[in-house]
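Asker: This is the structure I want to talk about, given as structure tokens.
The values are calculated or read from the model by the stated rules, or taken from the named source; none is laboratory data. Everything numeric here is computed off the predicted structure, so don't read it as measured data. As a convention, Cβ positions derive from the backbone with ideal geometry for all residues, glycine included, and neighbour counts pool all protein chains shown. Side chains are part of the model used for accessible areas, which takes the heavy atoms of the whole protein and leaves out ligands, DNA and RNA. Shrake-Rupley method; radii C 1.70, N 1.55, O 1.52, S 1.80 Å.
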Amino acid sequence: MNSLMKTPALFFLLLPLLSIAQNLVPNGGFEAHHSIECHTCYQGSEDFKKLTHGWDDLNTNPILCDVGYTKEQDPRRRLCLLESRCPGGGQAVMQLEYTPRCTDWEHLTKGCSDYLGTTLSQPLEMGRVYELSFWLYIPSGQADTDPEFARHIGLSLYPKKIRNPQSALIASRAFLADTVIYDQWYQMKWQVKPLCPLKYLVVGAFRGGGWPSDHTFWDRGIFYVDEIGVREIGEVEVDHAAALHFCKEKEEEEGGLVLDIPGATCYFASGDSVLTAEARAALDSFALRAKEYPNIAFTISGHTDSIGSHHESLSRARVESVLAYLEVQHQLPRLRFVPIAAGTGKPAADNATGAGRQLNRRVDIRHADFDMPAVIYRQALEHAMAGRTAPAFKTLNVWLHLAPQQQQLLMLFDPRLAPIKSGPRWAAVQAAVRKSYGKYAQPELAFLLDSLWAEDQRHRTLKYYIENLAVFLHDYDEGTAKWDVDFPAGDAGIVAADEAHFTFLESLLKEGSWPRGIREAAIPPGWPRISEVGERAARAAFLIVNHHLDTATLAFYLPRLKRRCLEGEAEWLWYATMYDRLQVLKGLPQRYGTQYRRVEGEEEYELFPLEDAAMLDKWRDELGLEALQHER
């Protein structure tokens, strides 16, 4: 009888300890997840969230690994190679990757990292102390990986859910790894005293403290995380010397993070596109939020159930009903939305039941991590490719007012706009682009050189610059040829084009030999200055001369380029590259380590012979170039 009486008392005594030990990270061990179809099948944020029961991928590509999954063959041998299980964990872990050379054409992000984000089950409160932790595994054998990246693996906390539109490295220095151990699982722990309610957690590799310094030749770095935890701790466990007071990062900017703006979902009757009263109420609420953030773009996708036919046209009609309502009733411009006619694709529920079909007859509006000019340019392309000339030009004119000046030139080279590239309206667009170079001291030369840059890159990288002008929806556009940009040419055609570009450039750079029609532009002779024509236009001269592959030409222009470098009007990297190119063409060793060749029979590249390997980094440092010591 006494033992029975004591049991409730003991239970109540344990309650505070149980609540303190509660993990506030939902599914912190990733064990709750749907079956894996393939490791790379979940590139979209919504797909990844469904797979992992609530984790966000923050516009990156983390990989869920489960020891029970063996179907997929990975030819690159980089996916889920870990055989060691996390102590105390289950079958699932998450593979993340730091990428120093990601697809950032503006070279602003200085690398990328995969990230995991989740909303805590309850916010961290002021006046309490919490332990943050996760288990980490860093494989060895990554000799070409920046060793510093491991010390930037960690986590960060935010008062609200954040997004990562640029897929960039996120800035954070508060909770980073202070210990690096290879080839074994070990647990990282921190203590935090919140200075504001914190409710969103992110795990990955973070920039900060001067790292990374720039894009480098380092290879990718893989790491694995598991058993992510946030728990309130009692006074006896608090290390007041180590516990960090924290609300948000103050030392550095947060790299373009923005708040997550909730969208809306509208449901429709079977076979109908008429808005219901409930749908209008949902859109009224959404419009209030959207007006607070006028620079945020959204996707708007129409869906149908599996009954009947004409699913694509019906889903498009539903999108049109929503857009028309938002435009007329709330003055929200259509240009902020990327319309998607999904038809029966992406069902929210099983079409086998009436309740499921009701959930599938819908329009979803979702916050999108797209730049507004990219959203508008996509709509201009849609109009142009469909032969809708008037709305195409109207949309292009809006885009010209919003797009960065360097993007405007790219539009002139976009073959997808071919249906509208004629007549006075296209001439007016060309004139507007040309006029945008008026900000430079030598506007005519700036436009001509920038155009030469595009011509030089036509068969090299121009395709990617142009494709990046518009939003690309991976789930819907993949495999659709109309979005592709291609400039086909054989080797002979490229050589002939390079020769023609050099001939025109030489006519610009030599006094008294300007092409007919621009002599009156008062273009000064000599190597162009960045301050007078812009960086990309000045780079065009370097690229075209460098592609000429004639030793006499390189020898003639190399001292002229050096003179501009000494004036601060050209980049020393251009000089180093041209110097090394000249040496290699002469059959001599290079000095600055800028020239590579493909290893025979392999997909790897190696440096051409060096003049003096021991002096390489010293010579590079004299020009302000980063060390390449690890390359030898």
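Asker: Quick one: pull the percent of accessible area on region 430-506 belonging to carbon and sulfur, 1.4 Å probe, ligands and nucleic acids left out.
Answerer: Percent of accessible area from carbon and sulfur atoms in region 430-506: 54.
Asker: Given the pairs 160/193; 49/346; 463/562; 161/193, which span a C-alpha to C-alpha distance of over 24 angstrom in this model?
Answerer: In this structure, 463/562 exceed 24 Å between Cα atoms.
Asker: Angle between the Cα long axis of helix 311-330 and the longest principal axis of the chain, 0 to 90 degrees, nearest 10?
Answerer: Taking Cα atoms only, the helix is inclined about 90 degrees.
Asker: Enter the accessible area per residue of region 424-481 (Å², integer; probe 1.4 Å; all protein chains in place).
Answerer: Per residue, region 424-481 has 48 Å² of solvent-accessible surface.
Asker: Pick the calculated mean projected area of the Cα convex hull in nm² for this structure from (i) 28.7; (ii) 37.3; (iii) 85.9?
Answerer: (ii)
Asker: Based solely on its DSSP helices, what 222 nm [θ] is calculated for the chain when runs of n ≥ 4 H residues each add -39,500 (n - 2.57) and the sum is averaged over all residues, nearest 500 deg cm²/dmol?
Answerer: -10500 deg cm²/dmol
Asker: Need the full-extension length gain, residue 618 to residue 588, defined as separation in residues times 0.36 nm minus the C-alpha distance. One decimal, nm.
Answerer: Net length gain for the segment: 8.9 nm.
Asker: Can you tell me the 0 to 90 degree angle between the C-alpha axis of helix 2-20 and the longest principal axis of the chain, rounded to 10?
Answerer: In the chain, helix 2-20 runs at an angle near 10 degrees to the longest axis.
Asker: Quick check on region 397-500: take the gyration tensor over C-alpha atoms, sort the square-rooted eigenvalues as a ≥ b ≥ c, and tell me if it's rounded (a/c under 1.5), prolate or oblate.
Answerer: oblate
Asker: Still on this structure, please answer the following. Take the alpha carbon atoms of region 477-499, find their center, do the same for region 21-51, and report the distance between the two centers in whole angstrom.
Answerer: Using only Cα atoms, the two centres lie 39 Å from each other.
Asker: Now a separate question. Can you give the angle from 0 to 90° between the axis of helix 572-585 and the longest principal axis of the chain, with both taken from C-alpha atoms, to the nearest 10?
Answerer: Computed tilt is about 60 degrees.
Asker: OK, next. Could you order 504, 413 so the one with the most accessible surface comes first? Probe is 1.4 Å.
Answerer: Ranking 504, 413 by accessible area, largest first, yields 504, 413.
Asker: How much accessible area per residue does region 275-388 have, counting only protein heavy atoms and a probe of 1.4 Å, in square angstrom?
Answerer: Dividing the accessible area of region 275-388 by its residue count gives 44 Å².
Asker: Let a ≥ b ≥ c be the square roots of the eigenvalues of the Cα gyration tensor of region 313-439; is it rounded (a/c under 1.5), or, if not, prolate (a/b larger than b/c) or oblate?
Answerer: prolate
Asker: Which value, in Å², gives the accessible area per residue of region 537-611 when a 1.4 Å probe is used on the protein heavy atoms?
Answerer: Value for region 537-611: 50 Å² per residue.
Asker: Right, something else. Where the only charges are on Cβ atoms (+1 Lys, Arg; -1 Asp, Glu), what is the dipole of region 406-562 about its Cα centre, to the nearest 20 debye?
Answerer: Rounded to the nearest 20 debye, it is 620 debye.
Asker: Tell me, what % of the accessible area of region 240-325 is carbon and sulfur with a 1.4 angstrom probe?
Answerer: The nonpolar share, carbon plus sulfur, comes to 55 percent.
Asker: Moving on to the next point. For a test of the definition: using alpha carbon positions, the gyration tensor, and the 1.5 limit on a/c, classify region 224-310 as rounded, prolate or oblate.
Answerer: In terms of gyration-tensor shape, prolate.
Asker: For the chain, give the magnitude of the charge dipole about the Cα centre (Cβ charges: +1 Lys/Arg, -1 Asp/Glu; no others), in debye to the nearest 20.
Answerer: Dipole size: approximately 1880 debye.
Asker: Any idea what the dipole of region 182-337 comes to, in debye rounded to 20, about its Cα centre with Lys/Arg Cβ at +1 and Asp/Glu Cβ at -1?
Answerer: With Lys and Arg at +1 and Asp and Glu at -1, about 540 debye.
Asker: Could you work out what % of the accessible surface of region 78-203 is carbon and sulfur, using a 1.4 angstrom probe and leaving DNA, RNA and ligands out of the count?
Answerer: Carbon and sulfur: 47 percent of the exposed surface of region 78-203.
Asker: Also: I need the peptides 237-245, 451-459 ranked by packing, meaning the mean over residues of other C-beta atoms within 10 angstrom, with the highest value on top.
Answerer: 451-459, 237-245
Asker: Counting other Cβ atoms within 10 Å, keep those with at most 12, restrict to DSSP loop, and tell me which trypsin sites (Lys or Arg not before Pro) in region 220-317 are left.
Answerer: Passing sites in region 220-317 are 250.
Asker: Going by accessible area, probe 1.4 Å, with all protein chains left in place, what is the ranking of 435, 199, largest first?
Answerer: Sorted descending by solvent-accessible area, the residues read 435, 199.
Asker: Taking amide H positions as placed in the peptide plane 1.01 Å from N, state which residues far from residue 113 in sequence (5 or more) or on other chains have amide H under 5 Å from it.
Answerer: Those qualifying (amide H under 5 Å, at least 5 residues apart or on another chain) are 99, 169.
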